[in-house]
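Asker: Quick one: structure below, then a few questions.
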Amino acid sequence: MGSVGLHILNLIKDIVTFPPYQYSVIISLILSDGYIQLKKDWRNAKPRSDGPQIHFEYLWSVFLILSSYCYSYPYFRYIICTGKPAHGITLETHALLCFNELHSLFYIDGIKIIPSDIFNLLTPPVLAHWIISDSSKHGNELIFCIDSFTVIEVIRLMNVFIIRYGLECTLHVRNSNHHRIYIQVKLMSLLRSIVLSYMHSSMLYKIHL
């Protein structure tokens, strides 16, 4: 399929950059279930994200934000969602030099990690899109599901919540592969003040009581 946004010629692929907001959206996708592909025979990396079809409205808004970097419209396919096959939507971009830096930040030997600079990377728009992509409501509390990271990395994220944003939170460990960060109901008003202007309208239920 042809490009749907900016037609990126091979001649200029190595000088393409992205504005701060697009950068924030891509980081949020990496923190959730998205990833950056960089195969051995590739010179440049490219992000890819899979989401459930029921979130189509939000996923389409993400595509509109990143469309200048995409080579096709999002496409439907089967994905694994909460451990079960489901109808999903996949979004992926061109392979560009500007994505290599993000790959080096978030991957070591092909394993996704939480970078040491996450304090500066986890900006309010990143937090908002991460809430949309990878959190759920449990009663009136908000839960971040972060199974792909180690306990030490999860604690690094919690330190950002607490120190940068004043969001006291608790860690729940079901087993070595299931980590959850809980934001308590008493802090939801503070959380809303931080992320509300960046939330998609279809996902506001996640930050309201």
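Asker: Within region 157-196, how many residues turn out to be touching a Pro at 6+ places or on another chain (Cβ under 8 Å) and either aromatic (Phe, Trp, Tyr) or free of Cβ contacts under 8 Å to residues at least 12 places away in the same chain (or both)?
Answerer: Residues that pass the stated criteria total 0.
Asker: Between a first residue in region 15-40 that is farther than 15 Å from Pro115 by Cα and β-branched (Val, Ile, Thr) and a second residue that is at pLDDT below 90 and not in a helix (DSSP H, G or I), which pairs have beta carbons less than 7 Å apart while being 6 or more apart in sequence or on different chains?
Answerer: Val16/Ile8; Val16/Leu96
Asker: Residue by residue through region 152-176, note down the ones that are at pLDDT below 90 and either part of a strand (DSSP E or B) or under 19 Å from the mean Cα position of the chain (by Cα) (or both).
Answerer: His172, Val173, Arg174, Asn175 - these are the residues of region 152-176 that are at pLDDT below 90 and either part of a strand (DSSP E or B) or under 19 Å from the mean Cα position of the chain (by Cα) (or both).
Asker: Another question, if that's okay. Go through region 89-108 and report how many residues are among the small types (Gly, Ala, Ser) and farther than 19 Å from Ile65 by Cα.
Answerer: 1
The values are calculated or read from the model by the stated rules, or taken from the named source; none is laboratory data. Values in this document were obtained by computation on a predicted structure and should not be read as measured data. Quick reminder, even Gly has a Cβ in these numbers, built from the backbone with ideal geometry, and neighbours come from all protein chains shown.
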